[in-house]
Every structure is written in structure tokens, then in C-alpha cells.
1. Could you tell me which of the residues 360, 320 is touching a strand residue (DSSP E or B) at 6+ places or on another chain (Cβ under 7 Å) and under 25 Å from residue 105 (Cα atoms)?
2. Residues that are surrounded by fewer than 18 Cβ atoms within 10 Å (Cβ to Cβ), assigned to a helix (DSSP H, G or I) and in contact with a strand residue (DSSP E or B) (Cβ under 7 Å, 6 or more places away or on another chain): does the stretch 70-92 have at least one?
3. Please go through the stretch 93-106 and give me each residue that is assigned to a helix (DSSP H, G or I), within 17 Å of the chain's Cα centre (by Cα) and either surrounded by fewer than 24 Cβ atoms within 10 Å (Cβ to Cβ) or hydrophobic (A, V, I, L, M, F, W, C) (or both), ordered by number.
4. In the set 239, 322, 262, which member is surrounded by fewer than 18 Cβ atoms within 10 Å (Cβ to Cβ) and either out of contact with any Pro (no Cβ under 7 Å at 6 or more places or on another chain) or assigned to a loop (DSSP other than H, G, I, E, B) (or both)?
5. Go through (1) under 29 Å from residue 113 (Cβ atoms); (2) acidic (Asp, Glu); (3) assigned to a helix (DSSP H, G or I) for residue 273 and report which single condition fails.
6. Can you work out which of the residues in the stretch 140-157 that are in a helix (DSSP H, G or I) and of a type in the set (Asp, Glu) is surrounded by the most Cβ atoms within 10 Å (Cβ to Cβ)?
7. Report yes if residue 362 is modelled with pLDDT of 90 or more, part of a strand (DSSP E or B) and in contact with a helix residue (DSSP H, G or I) (Cβ under 9 Å, 6 or more places away or on another chain), otherwise no.
8. Please specify each residue of the stretch 186-206 satisfying the condition of being in a loop (DSSP other than H, G, I, E, B) and surrounded by 20 or more Cβ atoms within 10 Å (Cβ to Cβ).
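The values are calculated or read from the model by the stated rules, or taken from the named source; none is laboratory data. Only a predicted model underlies this, so the values are computations on that prediction, with no experimental measurement involved. Every residue, glycine as well, gets a Cβ built from its backbone with ideal geometry; the counts of neighbours run over all protein chains shown.
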Amino acid sequence: MSNYKIIHDAIHGSFKFEGATLRILETPEMQRLNGIKQLGLGYLVFPGANHSRLEHSLGVGHMAGKMGEALNLDRLEIETLKVAGMLHDLGHSPFSHTLEYLLHEKTGMDHMEITTNIIRGKLDILEGLEIDGRERIHEIINDYGIDIDLVCRMILGKEFRRLDIMNVDRGQQYFGENKNYMVNIISGPLDADQIDYLLRDAHYTGVAHGMIDVYRILNTLKIKNGELMIDRKGVPALEGMLVARALMYSSVYFHKTNRIGELMLSRAVEEIELDNWLEIYKYNDSELLSVLLNQEGYPKEIALRLKYRRLFKKALVLRVDEVKDDEETINELKKMNDLKMRRRIEKEIADGAGVDSRYVLIDIPDNIAHLSEPRLNKTNVKIIDGKEIHELSKYSPLARALQLRRVQNWAMMLITKKEYVDKVRKEANRILSLKV
């Protein structure tokens, strides 16, 4: 009798784990995700948003498998899809995307690069911890004959080009210019990751925007020229998914209150003295919060503020429509994408207002949005219409509009402690010369 487990999921119902997926599920790296909230500090706005990265990862693995089954792929391809879907978020830090920008600055890697380094066995985020009976993920993948290079490509969204085909060992089954659909199913404009997080996050936040017609999408998936496409009959369902993605980013992922909490946490973590910033990836949410609470001064204060929801307040918000035709202001905001430059300006404002610079925080959301979700404005799904293939934009003016739509309506937000709001706003207006 085979060894398996049935998972009962709030979104997809019951599904089975066996073989590679079961062994991967039981690894410490996967179980760490059970202590990391999918929406980071989203529960500060949406009290039900306490679901974990593990739930999402299992859902993505299941949905990737369902997409493979809908396309009549072979057993090994479907197993590879399930494994890649499960592992795609393995490199998330505590509180999910909250610390993404800071850790990218400190380590030079985003969560996808961290993920693939863990999968390959190049990075052990749990090094030094004594964990009984531990198995390494790369060893499990190799035991089942799954191509580890393909899994990493799928997670990184790195499609194959002709040059890749020429340079690869002919014995590797999955490499080929006609196998890009494997990459598309995990990291593309129409992938299992987005389908799961939209359904799951809508369910737990209570926000209806994320509901999509997943069964219509599954029934209209096609493979043509080695790429994942969709039949023209599925265009309305695809449009619904793209609209859901745009609205969920506006109303949930980049909710201003959520962003305020994320800015505070990131600034507190920045105050921790670490010889190696990769140590952060050992922790889950509660462990990192405990680290902050055991510090003195600012990190402890911020941890307590987050714990009891005593958040900073908006001192100044610069809307997108106020700067869209002002090239000088746009260029100044772009400079603040650099963390050191942003900290310098925060200090200048704080010094002028007579407050500690750590209580003056600037948010420039554009760069952070695209670091955490590089597919945001991608709507380039190909549509099969009889014998012809066209871009979605040919059939959908809505898709063209979504390419231009911003997920947030502010270009810059400045926050501070409630009692500092007036003087910080006044000083910010003077220093930044903003007509707001």
C-alpha cells in the first residue's frame, strides 16, 4: 500500500500528496512557511488574513498539477509541475513580501533567487539547527528523476531560447524549445501561482475582487508551439482574472494601512545588527517579532506598535495624477528608489522637523510593487483562434488598459508618529518643494 496523505484545503478541497510531493511537504524548509503569513501584515487591515505561505504553496502545487492534467501532460511532467508549484515560494522571508526590498538591498537577491539556491542545495537557510531526520530538497528531487534545472527555470520564469537547446545535454528529457509551457504554468501571465493567490486571498480577506472562473480557464488551456495559450472561448475568464489581479493589488496588497505597517517593520529590522543577512531566512513571523521585542529602543518600540496596532500616520501623500506631467518631480522620486538616498532625504526632513529620522519614513511604491510581483502589467497571453494565434490585446481593449493601469494611486507617501504629523509635513513640503 502506497504512503500518502490527503490535504483538506479551504480553497481547492481535498487533494493527495505522495512520492516526491509528500517528502518535500515534510521538509523543515517547507514547514517553516507554515509560520509565515501569506499577506504579511495584511491582517492589520483584514482580520481574516491569517493564512500561511504553506497553504498557498500547496495550493499552487495542486493547481499546477490540475493545469497539467487539463493539458493531458505525461505523469513526470505533472509531477514536475506539482513539485515546482510547491517550492516556488520557499525563499520568502518572514512576513512574506514585507522585507523584500530591504533584503534585496542587503543580499543582492530576491526571494526567487533565494528559492532556487535552496532547491539546488547551494544555500542552507537552516544551517546550524539540529533537526532530527532531516532530508534535503535537492536530494529528494534527484531521487524521483525530476530535472532540478527545469524546476529552477520554471520558478524563475526563464523560458528556453534556441541557444539553451543547443547547449544542453541531449539526455535531459525536458529541455527543448517546445517545452516552454512548463515554465509558463509556474511563472507566466496565466499561471498557477496567480490563480491560487487570487482565490485564496479573496477568500481570507473577504474581498470579492479576487474571484475568478478557474474552471473555464482550465477547460480552455492549450499548448501551441510549445507555449501555454488559451482558446478564444476563454478570453472572458482570462479578462476576469487580469481584472481581479489589478483590483486585489489596489484594494488589498497595496492598501495604505498595510503599507504603513510594512514600512515600520522593515525600518525596525534594518536596525538589527547582523553579520549575515541571510540569517533572516531562518525565522518565521513570530520568531522575527520575538527578535525585535528582545532588542532595546526603536526595534522593540516598533514591534510593540505592530503587535498592538499603534501605527504611524500619513503626513503627506503625493498622488500619481499630481506628478504625471512633472518630469522634475518624477526624476526626484525615481532617485528615492535607492534605499540610501531615501534614508538621506528622510533624515533631512527629520532634522528640519526636530525629530528622530527613524520616525520619518518615505514610501515609493512603484519599485517595490514590481520587485514583489514582476508580472503586474503583463497581459501578453496568446490566444488560439481557429488556426491563428494572436495576442490577447487584439481581442481585449481591457487587457490593453490594464497594461497602463497602476496598482496604487500614490507616487509617494510620507508617514510619521501621530504627534509629529504637522511639523513633518511642513518640513517635507519645504525640502521636497511639492505643491500638495
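1. Working: 320 fails: under 25 Å from residue 105 (Cα atoms).
Just one listed residue meets the conditions, 360.
2. Yes, the conditions are met somewhere in the stretch 70-92.
3. Of everything in the stretch 93-106, those that are assigned to a helix (DSSP H, G or I), within 17 Å of the chain's Cα centre (by Cα) and either surrounded by fewer than 24 Cβ atoms within 10 Å (Cβ to Cβ) or hydrophobic (A, V, I, L, M, F, W, C) (or both) turn out to be 97, 99, 100, 101, 102, 103, 104, 105.
4. Working: 239 fails: surrounded by fewer than 18 Cβ atoms within 10 Å (Cβ to Cβ); 262 fails: surrounded by fewer than 18 Cβ atoms within 10 Å (Cβ to Cβ).
Matching residue, one of 239, 322, 262: 322.
5. Condition (3) is where residue 273 drops out.
6. We begin by selecting, within the stretch 140-157, every residue in a helix (DSSP H, G or I); these are 140-143, 148-156.
Restricting the remaining residues to those that are of a type in the set (Asp, Glu) gives 143, 149.
Working: 143: 12, 149: 15.
Among those residues, the one meeting the criterion is 149.
7. On the way: modelled with pLDDT of 90 or more: yes; part of a strand (DSSP E or B): yes; in contact with a helix residue (DSSP H, G or I) (Cβ under 9 Å, 6 or more places away or on another chain): yes.
Considered against the rule, which asks whether it is modelled with pLDDT of 90 or more, part of a strand (DSSP E or B) and in contact with a helix residue (DSSP H, G or I) (Cβ under 9 Å, 6 or more places away or on another chain), residue 362 comes out as yes.
8. 187, 188, 189, 190, 191
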